[in-house]
1. Do we have E367 as away from the ligand (no atom under 16 Å from the Cβ), assigned to a loop (DSSP other than H, G, I, E, B), in contact with a Gly (Cβ under 9 Å, 6 or more places away or on another chain) and of a type outside the set (K, R) here?
2. Within the set of pairs 6 or more residues apart or between chains, which connect a residue that is among the hydroxyl-bearing types (S, T, Y) inside segment 229-254 to a residue that is within 11 Å of the ligand (Cβ to nearest atom) and not in a loop (DSSP other than H, G, I, E, B) with Cβ atoms less than 6 Å apart?
3. Can you find a residue that is under 14 Å from Q388 (Cβ atoms), within 16 Å of the ligand (Cβ to nearest atom) and in the same structural domain as G168 (by TED's automatic domain parsing) anywhere in segment 224-233?
4. List the pairs whose first member sits in segment 268-295 and is not assigned by TED's automatic domain parsing to the domain that holds D322, whose second member is within 11 Å of the ligand (Cβ to nearest atom), and whose Cβ atoms are under 8 Å apart, counting only residues at least 6 apart or on separate chains?
5. If I ask for residues that are farther than 13 Å from T366 by Cβ and either among the charged types (D, E, K, R) or within 21 Å of the chain's Cα centre (by Cα) (or both), which ones from segment 436-451 would you list?
6. Within 24 Å of A274 (Cβ to Cβ) and more than 22 Å from the chain's Cα centre (by Cα): does that describe G383?
7. How about segment 102-158: which of its residues are of a type in the set (D, E, K, R) and in contact with a Gly (Cβ under 7 Å, 6 or more places away or on another chain)?
Amino acid sequence: MADFMFVLKNFLVVSLAMNMCLIWKISYDDEETLASKWSSWGNLQQKLHFHGSCFNGEKNNGRLEDAHVSKRTQILPTTSSGAATVVPDGGESVVINLDHGDPTMYENFWKQKGEETTVITSGWQHISYFSDIKNVCWFLEPELVSAVTRLHKVVGNAKTDGRHVVVGTGSSQLYQAALFALSPPNASDPMNVVSAAPFYSSYPLMTDYLKSGLHKWAGDAYKFNKQNPYIELVTSPNNPDGSTRQDVVKGHKGILIHDLAYYWPQYTPILSPADYDIMLFTVSKSTGHAGTRIGWALVKDREVAKKMTTFIEINTIGVSKDSQIRAAKILQAVSDSCDGDESFFDYSYKLMEKRWKKIREAVDKTELFSLPDFPPEICSFSGRSFGQLPAFAWLKCEGDVDDCEGFLRRHKILSRGGKHFGASTKYVRISMLCRDSEFELFTKRLPAIIS
Ligand SMILES: Cc1ncc(COP(=O)(O)O)c(C=O)c1O
């Protein structure tokens, strides 16, 4: 009897396992079938994915801007040169993923530069944790300081004199370091963190992810009416809508962080050197080197710079030296190019201008969509007069389409809906930073949408 029970038990376990496998296989196949319905070809590994995201109380699945590999969405396969591979049906079946802001559009410029920007590192180099122990930010490579300072002087977009430079693993880490530095450790309530809507969709998540008790996301700065201390994030030009921003709360207990990731002359006329207490920059959007993961903060107050350094020390014990050296080389090459025939900013400006002309032409051919307009201003760097050429298009679905993201998804265009930015679902954010092949397909598909 005992033997029989043993055999029966084993039989049940095996059969349960087989059923689980079957169920899993069916659902997995469904996913794959869906993917292959959308596109019957392509490099299935090269798919980008972002988890569902939210702000203010919605279920939060952890969506960040760039860089999660997906099993579900499929993007236009390109060769490493950025050229599209042959598309069998004129591209109709391709899912165009313009949700994320991966800045691959500058790849060809850097290819042309070739050896000039190659960095070779020997096995014995960059071994120590330390870079410059006399500096407040002791893991900051002196080469990076020189490159950053020189570039800001060449472009005229930020004051560096009398500032401390703090390096971070992307400006995302610096944002969190700044929150840590600016939130009092012993306050009875967490520090409120606000930004004017539409705000960068990663701010709420990065603010609250660790539920630290030091700070908490308090939403749209326009709606903030408490008398408590607060930190206001000012992103200018703004992600997602490209507008030039100033602080809006203007309370006497406010501290400002200026995120100037897009204050570069390919996106906006440079009007004067920014002169704020804490300014964040990143190579991700200035030169397109998002994968190098280097950002820098220009900080007036030594104590704040020290606390930001402490955060990074606790968080990652510094920042990759190899990446800092590479970023320094790239930034020096950008400054050098400004003395040559075609500067990086000439190249990138022309590319952005061309893309904005194309997207506006595509939108003008239909009544279904609209885009914001930007009045021209004179850029002190280039002398050109132009309106903003934002890294993202803040596209509005006109008429009775209320869910613009869902509407575009039905036409196999992936974008990020307005609710992620604290705004109406009639809006979506479209990345303008993708490779040419994807952008071409997008501007071809958009005007062909009739309903
Ligand atoms: C406004 C803004 N700030 C910061 C970041 C993050 O930059 P990093 O790649 O340096 O972390 C982004 C990236 O999209 C951004 O749009």
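The values are calculated or read from the model by the stated rules, or taken from the named source; none is laboratory data. As the structure is a prediction and not an experimental result, all values here were calculated from the model. Cβ placement follows ideal geometry from the backbone for every residue including glycine, while neighbour counts extend to all protein chains displayed.
1. On the way: away from the ligand (no atom under 16 Å from the Cβ): yes; assigned to a loop (DSSP other than H, G, I, E, B): yes; in contact with a Gly (Cβ under 9 Å, 6 or more places away or on another chain): yes; of a type outside the set (K, R): yes.
Spelling it out, E367 is indeed away from the ligand (no atom under 16 Å from the Cβ), assigned to a loop (DSSP other than H, G, I, E, B), in contact with a Gly (Cβ under 9 Å, 6 or more places away or on another chain) and of a type outside the set (K, R).
2. If the second residue must be within 11 Å of the ligand (Cβ to nearest atom) and not in a loop (DSSP other than H, G, I, E, B), the pairs left are T235/D259.
3. Filtering segment 224-233 down to residues under 14 Å from Q388 (Cβ atoms) leaves none.
No, segment 224-233 contains no residue that is under 14 Å from Q388 (Cβ atoms), within 16 Å of the ligand (Cβ to nearest atom) and in the same structural domain as G168 (by TED's automatic domain parsing).
4. none
5. Restricting attention to segment 436-451, the residues satisfying the condition of being farther than 13 Å from T366 by Cβ are 436-442.
D436, S437, E438, F439, E440, F442, listed by residue number.
6. Details: within 24 Å of A274 (Cβ to Cβ): yes; more than 22 Å from the chain's Cα centre (by Cα): yes.
Yes: the conditions hold for G383.
7. Taking segment 102-158 first, the residues of a type in the set (D, E, K, R) are 102, 107, 111, 113, 115-116, 132, 134, 141, 143, 150, 153.
The answer is E107, and nothing else.
This table checks each residue for (1) at negative phi; (2) modelled with pLDDT of 95 or more; (3) away from the ligand (no atom under 16 Å from the Cβ); (4) aromatic (F, W, Y).
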site: D373; (1), (2), (3), (4): yes, yes, yes, no
site: W394; (1), (2), (3), (4): yes, yes, no, yes
site: F407; (1), (2), (3), (4): yes, yes, yes, yes
site: K412; (1), (2), (3), (4): no, yes, yes, no
